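Data block below; observations after.
The values are calculated or read from the model by the stated rules, or taken from the named source; none is laboratory data. Note that the structure is a prediction, hence the values are computed from the model and not measured. Cβ: placed from backbone, ideal geometry, glycine included. Neighbour counts: every protein chain shown. The area values use the complete protein model at the heavy-atom level, side chains included, leaving out ligands, DNA and RNA. Shrake-Rupley method; radii C 1.70, N 1.55, O 1.52, S 1.80 Å.
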Amino acid sequence: QVQLVESGGGLVQAGGSLRLSCAASGRSFDSYVMGWFRQAPGKEREFVASISRGGSITDYADSVKGRFTISRDNAKNTVLLQMNSLKPEDTALYYCAADRTVGLRRTAEQYDYWGQGTQVTVSS
């Protein structure tokens, strides 16, 4: 089992940057595929990015490709989401998630563990 805690959210102007961090506790962090999802008010939770166990393979939603970068440090049990060129439509509660299975997934229901989320608000 793994526990996840997100941090780094906040209020930023359009065009600005934020870096989200997800700290994992528990055993065998490097055995989990890690993902970031987000949920805006009145909308379903949507996939943002994921990263393989070793960090060599990543996947991004089309809406964030070229602006966001996911990375991980298995020695520090941490996964990061660097968000650049932020837009008002990026405003949402951002969640970190862990998946025990092999392969990068985009469906929230396929992830096993979740953090509580960190709020990102982008003003126009």
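Points to keep in mind about this one:
- Phi to ³J(HN,Hα) by Karplus 6.51 cos²θ - 1.76 cosθ + 1.60 over the stretch 33-50, Hz, x for Gly, Pro: 6, 10, x, 10, 10, 9, 9, 8, x, x, 10, 6, 5, 10, 5, 10, 7, 9
- Label point distance in nm, Gln116-Lys65, each placed 7 Å from Cα along Cα→Cβ: 3.5
- DSSP-defined antiparallel bridges as percent of all bridges, the chain, nearest 5: 90
- Of the accessible area of the chain, computed with a 1.4 Å probe over protein heavy atoms only, carbon and sulfur atoms account for 46 percent.
- Accessible area (Å², 1.4 Å probe, nearest 10) - Glu109: 150
- Inter-site label distance for Ala23 and Ser124 at 7 Å from Cα along Cβ, in nm: 3.7
- Rounded Å value of the spacing that divides the Cα centres of the stretch 30-56 and the stretch 67-124: 5
- Full-stretch length increase - Ala40, Gln13 - with 0.36 nm per residue and alpha-carbon distance subtracted: 8.0 nm
- Rolling a 1.4 Å probe across the protein heavy atoms gives the chain an accessible surface of 51 Å² per residue.
- Note on Lys43: lysines with a C-alpha under 30 Å away, same-chain residues under 8 apart excluded, are Lys65, Lys87.
- In a reduced charge model with +1 at each Lys and Arg Cβ and -1 at each Asp and Glu Cβ, the stretch 16-109 shows a dipole moment near 160 debye about its Cα centre.
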